[in-house]
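Data first, discussion second: the structure below is written as structure tokens.
The values are calculated or read from the model by the stated rules, or taken from the named source; none is laboratory data. This one's a predicted model, so the numbers in the text were calculated from it and none came from an experiment. We place every Cβ from the backbone using ideal geometry, glycine too, and count neighbours over all the protein chains shown.
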Amino acid sequence: MNWRVYILAITAFAVGLVELIVGGILPSIAEDLNVSIATAGQLISVFAFIYALSAPLLLSLTAKIERKQLFIISLVIFALSNLMMYVSPTFTIVMIARIISAMSTALVIVLSLTVAAKIVEPRYRAKALSYVFIGVSSALVIGVPLGIFITESFGWRSVFLGIAVLSVLSIILNIVFLERMPVAEIIPLKEQIKSLANVKILSAQFTTLFMLAGHYMLYAYLTAFLVEAFDLSASWISACYLLFGVSSVSGNALGGWLNDKLGTKKTILFVVASFAIVLLLIPFTIVSLPLFLIVTVFWGALSWALTPPLQAYLIQIAPKTSDVQQSLNTAALQIGIAIGSAVGGIVFTFTASAIYLSTFGAIFAIAALVCAAISLKGLSTSQSQEQHIN
């Protein structure tokens, strides 16, 4: 396999930090900028929403630009947006920096996947793509706890200065080692949207959207929840994020294993239903930190376990537009994050408490279960298992 894939994975890690790390340091950002935690939480919502719009739109608008050149330009803009975060004097400037960061992040991640698939032999393509995804997921495991530690030691702005430095190193590595490559044909945005006319496809995409909305109702404000429920120190909060991150990354393997054993249909329904139940249980775990940590393992694992079976299902029901569906699924994921963190902020503002955010999140998870049932209607267990074998 082409060793340049590892550079792309490192780049994905540096870029992935920006979206994931904010949730862990929201209280510090809110205090420094003199805004409420709920208002600061909109930094997550806006980022996710802009990311979702930018991924397909910017790819279409930049279709004629050579891929390496576009990749480097996107990384430069990304680095500058993080420097802007570092020096921003007001919340408004921070929000503008986040919007610029979201747009550049969308291009960098999508281009990382595109480039990784093109620089390896076809037999290594899936493995190459998995390395890029590992780079992003590693940001969840390592980045958030590390960001909390850095914030406690040097302030939240230092986190974004560090990300800017990492991105500059990525720029240098990619300029030196990445090969130029011709522009591939990009499916027009209009054609991508047309594929959603299929009810099965649309409801499957809404399954992801509602699942992530339910997840981010609490996850975006997890630090506030941990302080309110258990009065934890920064080091303990960092440990909780690390545990959640490890569980989340393990969730990908769990989803794949369940898909092997149960088939696509049963796995999707089981994961979404279990996720809704876990969200409903979380408020009852505040009586004991060990109990909460046990439930957190299930919460983290289930939050990522949907990805493998749902992607397999999208390929099954839309083989001719499978690449488009993966792109749209990423957009649905980001819109879900935006909705969940935004609604979570509203609930947090009106209730002045983070304890029952997961209860409201369970409503979104139940909506995801309904969408999954609509999409999977008519798919027999044998067809589900046959699809996996094929």
Identify, please: which residue in the stretch 1-25 is in contact with a helix residue (DSSP H, G or I) (Cβ under 8 Å, 6 or more places away or on another chain) and assigned to a loop (DSSP other than H, G, I, E, B) and is, among those, modelled with the highest pLDDT? Asn2
For the condition within 29 Å of Glu31 (Cα to Cα) and of a type in the set (Gly, Ala, Ser), what is the one hit in Ser74, Ser81? Ser81
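To keep it simple, each residue is scored yes or no on (1) over 22 Å from Gly24 (Cα atoms); (2) of a type in the set (Lys, Arg); (3) without any contact (Cβ under 8 Å) to a residue 24 or more places away in the chain.
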residue	(1), (2), (3)
Ser238	no, no, no
Val246	no, no, no
Ala276	yes, no, no
Phe292	no, no, no
Val295	no, no, yes
Of residues in the stretch 80-92 being part of a helix (DSSP H, G or I) and not aliphatic (A, V, I, L, M), the one surrounded by the most Cβ atoms within 10 Å (Cβ to Cβ): Asn82
Pairing a residue in the stretch 57-77 that is assigned by TED's automatic domain parsing to the domain that holds Leu166 and touching a residue at least 24 places away in the same chain (Cβ under 8 Å) with any residue that is of a type in the set (Ser, Thr, Tyr) and buried (at least 16 other Cβ atoms within 10 Å of the Cβ), where Cβ atoms lie under 7 Å and the two sit 6 or more apart in sequence or on different chains, gives Arg67/Thr114; Leu70/Thr62; Ser74/Ser104; Leu75/Ser167; Leu75/Ser170; Ile77/Ser104
Counted residues in the stretch 219-253 being among the aliphatic types (A, V, I, L, M) and within 20 Å of Gly135 (Cβ to Cβ) come to 4
Considering only residues that are β-branched (Val, Ile, Thr) and over 17 Å from Thr351 (Cα atoms), which ones fall in the stretch 202-234? Thr207, Thr208
Any chance the stretch 103-122 includes a residue that's at pLDDT 90 or above, closer than 20 Å to Leu169 by Cα and not aliphatic (A, V, I, L, M)? yes
Hey, does the stretch 274-294 have a residue that's within 28 Å of Val132 (Cβ to Cβ) and among the aliphatic types (A, V, I, L, M)? no
For the stretch 34-44, does any single residue satisfy the condition of being under 22 Å from Leu129 (Cα atoms), among the aliphatic types (A, V, I, L, M), outside the structural domain of Tyr216 (by TED's automatic domain parsing) and within 19 Å of the chain's Cα centre (by Cα)? no
The lone exception for Ile346 - which of (1) modelled with pLDDT of 95 or more; (2) surrounded by fewer than 21 Cβ atoms within 10 Å (Cβ to Cβ); (3) assigned to a helix (DSSP H, G or I) it fails: (1)
The lone condition Ile282 fails out of (1) touching a residue at least 60 places away in the same chain (Cβ under 8 Å); (2) of a type outside the set (Gly, Ala, Ser); (3) farther than 19 Å from Ile363 by Cα is (3)
Scanning the stretch 25-40 residue by residue, those out of contact with any Asp or Glu (no Cβ under 9 Å at 6 or more places or on another chain) and either closer than 19 Å to Thr105 by Cα or among the polar types (S, T, N, Q) (or both) turn out to be Asn34, Ser36, Thr39
Looking at the stretch 201-211, is at least one residue in contact (Cβ under 8 Å) with a residue 60 or more places away in the chain, aromatic (Phe, Trp, Tyr) and over 18 Å from Trp299 (Cβ atoms)? yes
Would you say Phe133 is assigned by TED's automatic domain parsing to the domain that holds Ser88, in contact (Cβ under 8 Å) with a residue 24 or more places away in the chain and surrounded by fewer than 19 Cβ atoms within 10 Å (Cβ to Cβ)? no
